[in-house]
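Student: So that we are looking at the same thing, I have put the structure below in structure tokens.
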Amino acid sequence: MGFFSRLFRIKDQDPDSQETTWAMEDNGSELVLDAEYAATLMTEIDIDAAIASHEGWRLQLQDMVNGRSSEVMRPERVCQDDRCDLGRWLHGTGRVRLGHYPAFAMLVARHKYFHQQAAEVVTLFQAGEQQKAVQLLNSSCRHASNQVLLLLKELKRGLGR
């Protein structure tokens, strides 16, 4: 059982829900999305593209702090977690479909925290604090990013893809 799967437990089990069934081996506490519902979710978000895009953000920040990029990032835009493709899905359709599960709130929080940390990396770098920017990028920013990636990969696995 994956990390995300363990977190996606039903708070109030609803046996009449068309969206869910329960795994017998876990006495009904493990959420298993109905195959049709999971397929619908997979058409609404390309998790592989979200993972690739998120990894791209990390590489872009790495290039910036290492002087390999001439792109000028704006921290006030970078901190907005609802502007990227993943953020739009998390704050829109994803919230409608999965927002009632505790792990979804964790994914949203980790994604938001990543954007906050990324914006701080940009702010530090633009203020001439390259060493502090690198340190932040390699610590809390990387940790938040890894958590987002882990949760996305577990979501993908939970959807059977």
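Each value in this text was obtained by applying a stated rule to the coordinates, not by laboratory testing. Remember, predicted model here, so these are calculated numbers, not experimental data. All Cβ positions, even for glycine, are placed from backbone atoms using ideal geometry, and neighbour counts span all protein chains on display.
Student: Output ³J(HN,Hα) for segment 133-143: one whole-Hz value per residue in order, computed from phi by the Karplus curve 6.51 cos²θ - 1.76 cosθ + 1.60 with θ = phi - 60°, and x for Gly and Pro.
Tutor: Once rounded to whole Hz, the list reads 4, 4, 4, 5, 4, 7, 10, 5, 5, 5, 4.
Student: In segment 52-153, which GluC sites (Glu not before Pro) are in a loop and have at most 10 other Cβ atoms within 10 Å, using DSSP for the loop call?
Tutor: Qualifying residues, ordered by number: GLU71.
Student: Would you work out the charge dipole size for segment 53-161 about its Cα centre, treating the Cβ of every Lys and Arg as +1 and the Cβ of every Asp and Glu as -1, and quote it to the nearest 20 debye?
Tutor: The dipole of segment 53-161 has a size of about 440 debye.
Student: Under the √(5λ) rule applied to the eigenvalues of the Cα gyration tensor, what semi-axes describe the equivalent ellipsoid of segment 57-125? Give them in Å, descending. Walk me through the numbers on the way to the answer.
Tutor: Numbers: eigenvalues 147, 22, 17 Å².
Those come to 27, 11, 9 Å.
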